[in-house]
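A short reminder: the numbers here are calculations on the coordinates, not readings from a lab. Owing to the predicted nature of the structure, the values given are computational and were not obtained by experimental measurement. Quick reminder, even Gly has a Cβ in these numbers, built from the backbone with ideal geometry, and neighbours come from all protein chains shown.
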Amino acid sequence: MRKLALNDEILLSIQQPARYIGGEVNMVIKDPEKVDVRFAMCFPDVYEIGMSHLGIQILYSMFNSREDICCERVYSPWTDLDPILREKKIPLFTLETQEPVKNFDFLGITLQYEMCYTNVLQILDLSQIPLHTCDRTENDPIVIGGGPCAYNPEPLADFFDLFYIGEGETVYFELMDRYKENKKAGGTRKQFLEMAAEIPGIYVPAFYDVTYKEDGTIECFLPNNEHAMPVVTKQVVTDMDSVGYIEKPLVPFIKVTQDRVVLEIQRGCIRGCRFCQAGDVYRPLREHSLEYLKHYASDMLKSTGHEEISLSSLSSSDYSQLEGLVNFLIDEFKGKGVNISLPSLRIDAFSLDVMSKVQDVKKSSLTFAPEAGSQRLRDVINKGLTEEVILKGATDAFESGWNRVKLYFMLGLPTETVEDMEGIALLSEKIAEAYYDIPKDRRNGKVQIVASSSFFVPKPFTPFQWARMCTKEEFIERANIVRGKFREMKNFKSLKYNWHEAELTVLEGVLARGDRRVGAVIEEAYRTGAIYDSWSEYFKNDVWMKAFETCGVDIGFYTTRERSLDEVFPWDFIDAGVSKEFLIREWNHAVKEEVTPNCRQRCSGCGARDFGCGVCYETVKE
């Protein structure tokens, strides 16, 4: 029987002890003496968030499929346990064997959003692993970062031994094999990192030097070790059906954010929204076959006992076999109490027909993401969605029985005007009017339309990576303009408007386009009390502002500064599959309010074709 790292007294004094004891259904425990590599997989947020992440489940299953590797999990301790671990000097531990993380060969940390960066330092600190890679010894784990934020790893460069750029199924096993080879030969930590740096997609920050110009921009970024590659190329799965699916997903004992089977139907996106980092760095679109997904869905439901299955992708409507898949799921699980969730659907006649079959219309709401209030601005961002399509989708939904709609917009987009801002309220009003145009006897009670605005953050590897970002004051001013316009609407009582936190957004903007100098700010903020920054109740803006001041780092340099097209960015050494020339073309199209067709309509020459797979090699529809 496993001995728990926390005693009963501690477990009874904290919220949700199940976060820390492991033992979930389908958990894998191996004898540490019978494996060659021990890998601690970390999601740097609370258990309920981390357990809901598909990528962690994929890697957990993949690593544990090999007899010579054991993979165990660790999550950020919640704010009640954190001080107890520090006070009692209990090192952070994994859930499976309850052993200290510092005893493992690797600590892999997924970086899903910038606001988890102080939690990364919490994980290292509580694990009793030196924060800086230069301070680690032969006895410390190799610390690996991956995930979407690894496409600009520079703000965290001082804290990670290496970064994995791309999809985990591609070269992780090669990395593990080189570790085994080096270990067997009695090699050093540095020798392993040199071996790792030769693998495509692996970036070792210590093997690169950055120099800066007098104006603070980057002059050059060059390898200082012969094993390091000048360009680190993203690695992608070229044949989606060649990778094994998760036969036995982990099932938690407590309610988590995504308490269901998640069925990944494809990766990538054809749409080309100019603000969307995921749409660019996950190119090209690659689909799972229908037969693969049929087996996948059935096996996972049997092995988990879940009563809901959710399709996962950036844009489910673009999956070419969607109708066949949905019909299979409806037929296969009819009468078995299994709900089917279909996020990321465009609202059209087919989607509404499908959703009416699998959802309780009276209880569910429909979600539209126009992103911008005017057609002009939707063309700037290449949303590919007209007002006519939005209103028709809403009308069809209302006639099918829906009466609740959520609308998602962004404020602060490039070229945005007051007219664009007010358009958010006007479009919401038009949707309400579409409801009341339906005869009263065919309506389902009163309509409720909730419009929400996030604030625009320019991200690396998007056409908007050159864009100026708004200040906190500008964001709030724009939100107030929209709110004021909502109050003028005839159907004001049916409309609701809210917006995201501006201070949090500004910080995200710094971290998203930051360089190595921002790392000192992250560390200072952490040491002075910043933690769980993505949770509004724990975000301490004053701590962060003081950290910027202490470190002498100018926020405006990373947010509001105008950037030239020939500026060297901190992430330019990464080949993410989309060329800088393509991004510049798209930036120029945006300024001219020109729309670029999606990948199935016409190839836009982004560079992703070089991967030799996916939508790039489908028959293009002219």
For this session: Would you please classify the overall shape of segment 270-370 from the alpha carbon gyration tensor, given that a ≥ b ≥ c denote the square roots of the eigenvalues, rounded means a/c under 1.5, and beyond that prolate means a/b larger than b/c while oblate covers the rest?
Result: oblate
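What is the sum of charges around residue 529, taking Lys and Arg as +1, Asp and Glu as -1, for the other residues whose C-beta is under 12 Å from the C-beta of residue 529?
Values: positive: 527, 540, 546; negative: 82, 524, 533, 542.
Result for the neighbourhood of residue 529: -1.
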Exercise. With each pseudo-label sitting 7 Å past Cα toward Cβ, what's the residue 618-residue 357 distance in nm, one decimal?
Worked result: 2.1 nm
Seminar exercise, completed: Beyond 27 Å (Cα-Cα) in this structure, taken from 493/540; 102/459; 294/392; 406/490; 89/248; 30/294, we find 493/540; 102/459; 294/392; 89/248; 30/294
Problem set entry | Charge context of residue 490, other residues only, Cβ under 9 angstrom, K/R +1, D/E -1 | -3
Problem set entry | Mean-position separation - Cα centroids, segment 488-565 and segment 1-73, in angstrom | 32 Å
Exercise. Does a label point 7 Å from the Cα of residue 238, set along Cα-to-beta-carbon, have any residues of segment 306-349 with amide nitrogen under 13 Å, and which are they?
Worked result: none
For this session: Step through the residues of segment 542-556 one at a time and calculate ³J(HN,Hα) from phi using the Karplus curve (6.51 cos²θ - 1.76 cosθ + 1.60, θ = phi - 60°), rounding each to whole Hz and writing x for Gly and Pro.
Result: 5, 5, 5, 4, 5, 5, 4, 5, 4, 8, x, 9, 8, 4, x
Problem set entry | Neighbour-count order for 110, 133, fewest beta carbons within 10 angstrom listed first | 133, 110
Exercise. Excluding residue 226 itself, what net charge comes from residues whose Cβ is under 14 Å from its Cβ, given Lys and Arg +1 and Asp and Glu -1?
Worked result: -2
Problem set entry | Rounded tilt (10° steps) of 290-304 against the dominant C-alpha axis of the chain | 70 degrees
Exercise. Listing 462, 304 from the residue with the fewest other Cβ atoms within 10 Å to the one with the most, what is the order?
Worked result: 304, 462
Seminar exercise, completed: With x for Gly and Pro, the residue-by-residue ³J(HN,Hα) of segment 217-231, computed from phi through the Karplus equation 6.51 cos²θ - 1.76 cosθ + 1.60 at θ = phi - 60° and given in whole Hz, is 7, 6, 8, 7, 9, 10, x, 10, 9, 5, 7, 7, 8, x, 10
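Where does each of 236, 553, 591 land when they are ranked from fewest to most other beta-carbon atoms within 10 angstrom? Don't skip to the end; give the middle numbers.
Working: 236 25, 553 20, 591 12.
If I rank by nearby Cβ atoms, fewest first, I get 591, 553, 236.
For every helix of n ≥ 4 consecutive DSSP H residues, a contribution of -39,500 (n - 2.57) applies; sum these over the chain, divide by its total residues, and give [θ] at 222 nm rounded to the nearest 500 deg cm²/dmol.
Values: 21 runs with 204 residues, N = 622.
Theoretical 222 nm ellipticity from helices: -9500 deg cm²/dmol.
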Problem set entry | Amide H contacts under 5 Å for residue 166, placed H, 5+ residues apart | 147, 235
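Could you give the length gained by full extension between residue 437 and residue 132, i.e. 0.36 nm per residue of separation minus their alpha carbon distance, to one decimal place?
Values: separation 305, 0.36 × 305 = 109.80 nm, distance 6.26 nm.
Extra length from residue 437 to residue 132 when fully extended: 103.5 nm.
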Exercise. Which of the aspartates and glutamates could a cross-linker bridge to residue 213, judged by Cα under 18 Å and excluding same-chain residues fewer than eight apart?
Worked result: 154, 515, 554, 562, 566, 567, 572
Exercise. Setting aside same-chain residues fewer than 8 positions from residue 34, which lysines have a Cα under 18 Å from its Cα?
Worked result: 180, 183, 184
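Pairs of Cα atoms under 8 Å, at least six residues apart: use those to get the relative contact order of the chain, whole percent. Provide the component values of the computation, followed by the final result.
Values: 1126 pairs, mean separation 85.1, N = 622.
It comes to 14 percent, rounded to a whole number.
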Exercise. How about residue 592: which aspartates and glutamates have a C-alpha closer than 15 Å to its C-alpha, ignoring those fewer than 8 places off in the same chain?
Worked result: 379, 416
